[in-house]
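Below is one structure, written out as structure tokens; the observations come after it.
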Amino acid sequence: MTVSAGLLQALRDVVGKEHVLHKPEDLLVYELDGTIDRSLPDAVVFPGNTEEVQAVVRACNGFDVPVTPRGAGTGLSGGAVPTRQGVVLATARMRRILDVDPVERTATVEPGVPNIQLSEIAAEHGLFYAPDPSSQKACTIGGNVAENAGGPHCLALGVTTNHVIGMEVVTASGEVEWLGSHGPDPVGYDLRGVFIGSEGTLGIATKVVVRLVPVPDTVVTLLAIFDDVESASETVSAVIGAGLVPAALEMMDRVTLQAAEAGLRCGYPPDAGAVLLIELDGIEEVVRGQVTQARAACNEHGATEIRTATEPAERELLWKGRKGAIGALGRIAPNYYLLDGVVPRSRLVETMGEVARISEGYGFPVANVFHAGDGNLHPCLLFDEREPGTTARVLEAGAAIMRVCVEAGGALTGEHGVGFEKNRFMPWLYSETDLENMRRVRGVFGNEGAFNPCKVLPEGTGCGEMAHQQGALAAAGPDAYV
Amino acid sequence: MAASETPGWPLAEDAPDTADLAKCVHCGLCVNACPTYAITGLEVESPRGRIHLARAVAEERIPLTEAVQGHWELCLQCRACEAVCPSGVPYGRIMERARAQLDAAPPSKGWERRLRRFALRNVIARPRVLAALLAPVRWFARSPLRGLLRRSGVLRFTGPLGRLEAQLGRPGRPYRPRDNAGDGDVALFTGCVMSELFGDAHRASMRVLERSGARAFAPRGQGCCGALSAHDGDLAQARRLARANIATFEASGAETIVVNSAGCGAAMKEYGELLAGDPDSADRAEAMAARVIDFSEYLAGRDLPAGRLEGRIAYQDACHLAHAQGISAEPRALLGALDGCELVETEGADMCCGAAGIYSLIQPAMSGELRARKAAQFREHKPDVIVTANPGCQMQYEAAVREAGIEARVLHLAEALDSE
Ligand SMILES: Cc1cc2nc3c(=O)[nH]c(=O)nc-3n(C[C@H](O)[C@H](O)[C@H](O)COP(=O)(O)OP(=O)(O)OC[C@H]3O[C@@H](n4cnc5c(N)ncnc54)[C@H](O)[C@@H]3O)c2cc1C
Ligand code: SF4
Ligand code: SF4
């Protein structure tokens, strides 16, 4: 217990008694997010506004107790897990839409607003919020900012950082600052850009100004079926090579398709080896031309069938398999471990081969879902953790796959973040000097390591409770893997 | 902290299945669909939180404490979470079984549970007792005394009775199943409270079924479906009631069993699951479940000559129709086909109204919050008619209409379709 009675009282004084949780039963669910890491907080506090956030952070700093911000807890790298216990600062009460400006096409919201709600509100003005993580019904804007979240529709329009103009933050040291601007063109160093993707280690976003974009005139979704991943990958290169920038370009492999078919009945042919989803949008005439081009590319590379949808309901049907794919994997295996790596598009096929080789070596079937357009792979290792020793081997296999991505000139994460899960891999990508510089940036925001501790950067010591993932895994029990 | 501090947990029989619990990958995708999370913002009042607690108790990480019980009991069992869960977590089943565990030794409110159990077993499940008890209620609902009491304002001080009064519409004559086996080919399920207080909806259902070309009948001897008991964790009683209904409907000879109450329909479609462990009934339960069809689901597949209903209609999904049975388009399509009607979509039409069986009596505060949300929507959209497909919800909407201060009729889907 790192939270003393004194701190508990201080927290209650700030936010009110009913907004501080400390009973063991109440804390339990705050020990995890969407992935495998676990650690119980000593208290969870729900501030209602910026001033309260600031006061909470200052109180914790005063008592030398770690703070971990939390949005909806859908994160996939343990970011919201209070690795060194202490206080979880949850944004669940901060879910007001403060302003929607249809002329400037911006919206100002509190961090706890769910991603989907932005698009729902914006729809009244013919606008939407572009980044659409598959978790968009639940995940918060604050969490999106922290993870620089992406989604299927980020290929053409960019990820969170391309859509957040500015924000108010309470820094790790407890200062209220405005980063970025209220309008489109910030000057000076882009501290906004530094904060986005910092995984909750620099401070807490308390207000976020986002850009809204017009709902396109025409949207056409193509679903192309192939015999194998190679032909589908070649098609991806051909589509991009032809100068098209689809709104979305997604791929699923055979194992994923079988799961999706079993769970969702999407009408995929039983022998399909890969499926590409290509979405094109814009002005009608332009889209029509692009559709012709994309279809040609698919046909040229051996598509066995191409389905086209223009109406929202039809399009939704084509997307159904993709959106539910990860969840559907639960139907063909008791557990799955979802990885998030990035490779240059040109190395996609080769990397896939490596992934297959590694997983076969370890004896795990693998299902692949990709944001193919930007080389973001999500291999899912299928396993049954009830078999002794499997968990450790799955982690090993995961590490080997991450290594392959890095060696192919890629990155450790496309969108789920480094968090606690992958911080030990950071030295593969960065020199000690790089890491030291990152630590200094953290220091600029007043974080000497106690604010959302043990995340992003490898920590030698001090993450005792979670020292080894294996330990956490053993404790996590069956199916703790997304 | 061993679970042995709570004698009896986990019960060998009817404990949440560890395989069911393990299906939850705590992705959190369900939390925003959950009404109690929407109101409280607390993960302990969310599906993920409740499952996590059930798992922690099952794994003996924590004892079954009063706080845990409280979080489970605040659950409406509306199953909105189940409908959006990509992993296919059978939340409804988990929660029924979690509640069954409270029987062994509830950490608190033991007498309340016993009283509730007594009422469910000895009143709701016994048609004659229920009829005798509800006759005066029906009389009161239409008597001048009621207006007097309302105007005097004393109802505000009568706690649960006052809340019940606010939910009471103007019940017509009861509709009690009296037909013999073989009197038709489509059997109507009439239920418990529904046949006493919503006789009009049953009569309307019969007429609409006939208009669609069916030969409908209500076989005698049927009774409560058992849903209320199951939700309360009294699975033994739920099974008894299920077995009785299975026998009745087998004898009726009907190919199809039409259910016009969402909660009953959902429960009956799951009879197979409920009785899976009973070798004598398992197959028969499966067979019965396969014959159960919701009223709107049945009509969607038939040629119903369009009726007529003037005005703006706001359809409100019943949770156990939309979430448990996945039926939300059919009722809207049927209503949309009515001449003279304009269907209005209100925000949160598919979110629980807070009635949730006997929930509104046990958790008045949360139930009131949810009702207020509906009332706010009604105030904004001013519908002329509010339509739903479950008796409990109908009662809650009567209260919400009054709270909104608007003049709107609350109808069962069958009554809306019955107008010509
Ligand atoms: C089924 C599923 C599908 C997913 N699909 C995608 C996808 O397509 N694309 C994608 O990018 N991600 C995806 N994710 C991952 C996850 O949803 C995102 O990372 C999301 O941005 C996390 O948001 P959250 O509100 O849940 O944050 P949390 O998980 O609560 O927290 C994530 C991190 O943000 C920090 N944080 C939270 N709020 C704030 C704040 N106000 N200020 C500063 N830091 C804060 C936390 O400390 C933590 O480090 C998926 C997750 C699941 C479970
Ligand atoms: S119940 Fe389903 S949606 Fe909810 S957290 Fe568990 S797996 Fe995710
Ligand atoms: S059944 Fe309803 S109230 Fe209960 S957890 Fe699920 S969504 Fe929430």
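Exactly one residue out of B:L42, B:L74, B:L29, B:L21 is within 10 Å of ligand 2 (Cβ to nearest atom), of a type outside the set (S, T, Y) and within 22 Å of B:G348 (Cβ to Cβ), and it is B:L29. Note on region B:58-71: among residues that are assigned to a loop (DSSP other than H, G, I, E, B) and in contact with an Asp or Glu (Cβ under 7 Å, 6 or more places away or on another chain), the one that is nearest to ligand 2 (Cβ to nearest atom) is B:I62. When the helices (runs of 4 or more DSSP H) confined to region A:108-188 are screened for residues that are of a type in the set (D, E, K, R) and within 14 Å of ligand 1 (Cβ to nearest atom), those reaching at least 1 such residues are found at A:141-147. Scanning region B:236-262 for residues that are part of a loop (DSSP other than H, G, I, E, B) and under 22 Å from B:C352 (Cβ atoms) yields B:N260, B:S261. Scanning region A:59-77 for residues that are in a loop (DSSP other than H, G, I, E, B) and either within 16 Å of ligand 2 (Cβ to nearest atom) or hydroxyl-bearing (S, T, Y) (or both) gives A:G71, A:A72, A:G73, A:T74, A:G75, A:L76, A:S77.
The residues on offer are B:G272, B:G233, and the sole one that is in a loop (DSSP other than H, G, I, E, B) and buried (at least 17 other Cβ atoms within 10 Å of the Cβ) is B:G233. Taken over region A:350-360, the criterion of being surrounded by fewer than 17 Cβ atoms within 10 Å (Cβ to Cβ) and closer than 19 Å to A:G373 by Cα is satisfied by A:E350, A:G353.
Can you name every residue in region A:297-342 that is of a type in the set (S, T, Y) and either free of Cβ contacts under 8 Å to residues at least 12 places away in the same chain or part of a strand (DSSP E or B) (or both)?
First, pick out the residues of region A:297-342 that are of a type in the set (S, T, Y): A:304, A:308, A:310, A:336-337.
Once the filter is applied, which keeps residues that are of a type in the set (S, T, Y) and either free of Cβ contacts under 8 Å to residues at least 12 places away in the same chain or part of a strand (DSSP E or B) (or both), region A:297-342 yields A:T308, A:Y336, A:Y337.
Of everything in region B:21-44 that is among the hydrophobic types (A, V, I, L, M, F, W, C) and closer than 27 Å to B:P364 by Cα, the residue that is farthest from ligand 1 (Cβ to nearest atom) is B:I39.
Considering only residues in region B:108-123 that are surrounded by 14 or more Cβ atoms within 10 Å (Cβ to Cβ) and at pLDDT 80 or above, the one that is farthest from the chain's Cα centre (by Cα) turns out to be B:R113.
Of all residues in region B:298-314, exactly one satisfies the criterion of being more than 15 Å from B:G336 (Cα to Cα) and surrounded by 13 or more Cβ atoms within 10 Å (Cβ to Cβ), namely B:Y298. Selection over region B:15-70 of residues that are at the interface with chain A (Cβ under 7 Å from one of its Cβ atoms) and of a type in the set (S, T, N, Q) gives a count of 2.
The residue list B:R113, B:R93, B:R117, B:R126 contains one member that is away from chain A (no Cβ under 14 Å) and within 16 Å of ligand 3 (Cβ to nearest atom), which is B:R93. A:R265 meets the conditions (1) exposed (fewer than 15 other Cβ atoms within 10 Å of the Cβ); (2) at negative phi in every case but one. The failed one is (2). Per the conditions (1) small (G, A, S); (2) crowded, with 18+ Cβ neighbours inside 10 Å; (3) within 16 Å of ligand 2 (Cβ to nearest atom), the sole criterion not satisfied by B:G169 is (3).
For every residue, the table says whether it meets (1) modelled with pLDDT under 95; (2) in contact with a Cys (Cβ under 9 Å, 6 or more places away or on another chain); (3) closer than 22 Å to A:F445 by Cα; (4) more than 10 Å from ligand 1 (Cβ to nearest atom).
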residue	(1), (2), (3), (4)
A:N49	no, no, yes, yes
A:Q54	no, no, yes, yes
A:D64	yes, no, yes, yes
A:A72	no, yes, no, no
A:Q85	yes, no, yes, yes
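Among the residues making up region B:286-307, those that are among the aliphatic types (A, V, I, L, M) and part of a loop (DSSP other than H, G, I, E, B) are B:L304, B:A306.
Does B:G88 fit the bill of being within 10 Å of chain A (Cβ to nearest Cβ) and either surrounded by fewer than 19 Cβ atoms within 10 Å (Cβ to Cβ) or in contact with a helix residue (DSSP H, G or I) (Cβ under 6 Å, 6 or more places away or on another chain) (or both)? Taking the combined requirement at face value, the residue satisfies it.
Restricting region A:463-473 to residues that are in contact with a Ser or Thr (Cβ under 9 Å, 6 or more places away or on another chain) and surrounded by 14 or more Cβ atoms within 10 Å (Cβ to Cβ), the residue that is modelled with the highest pLDDT is A:C463. Checking each residue in region B:71-80 for being within 14 Å of chain A (Cβ to nearest Cβ) and either polar (S, T, N, Q) or in contact (Cβ under 8 Å) with a residue 60 or more places away in the chain (or both) picks out B:E73, B:L74, B:A80.
Are any residues in region B:308-329 in a loop (DSSP other than H, G, I, E, B) and of a type in the set (D, E), and if so, which ones?
Restricting attention to region B:308-329, the residues satisfying the condition of being in a loop (DSSP other than H, G, I, E, B) are B:316-318, B:323-328.
B:D317 - this is the single residue of region B:308-329 that is in a loop (DSSP other than H, G, I, E, B) and of a type in the set (D, E).
Among the residues of region A:328-339, the one identified as surrounded by fewer than 23 Cβ atoms within 10 Å (Cβ to Cβ) and either more than 14 Å from chain B (Cβ to nearest Cβ) or among the small types (G, A, S) (or both) is A:A333. When B:A104 is tested against (1) assigned to a loop (DSSP other than H, G, I, E, B); (2) within 14 Å of chain A (Cβ to nearest Cβ); (3) of a type outside the set (D, E), exactly one condition is not met: (2). Of A:A272, A:A259, A:A242, A:A294, all but one fail to be over 28 Å from the mean Cα position of the chain (by Cα) and buried (at least 22 other Cβ atoms within 10 Å of the Cβ); the exception is A:A294.
The values are calculated or read from the model by the stated rules, or taken from the named source; none is laboratory data. These numbers come from a predicted model, not from an experiment. Glycine gets a Cβ as well: all are built from the backbone with ideal geometry, and neighbour counts include every protein chain shown.
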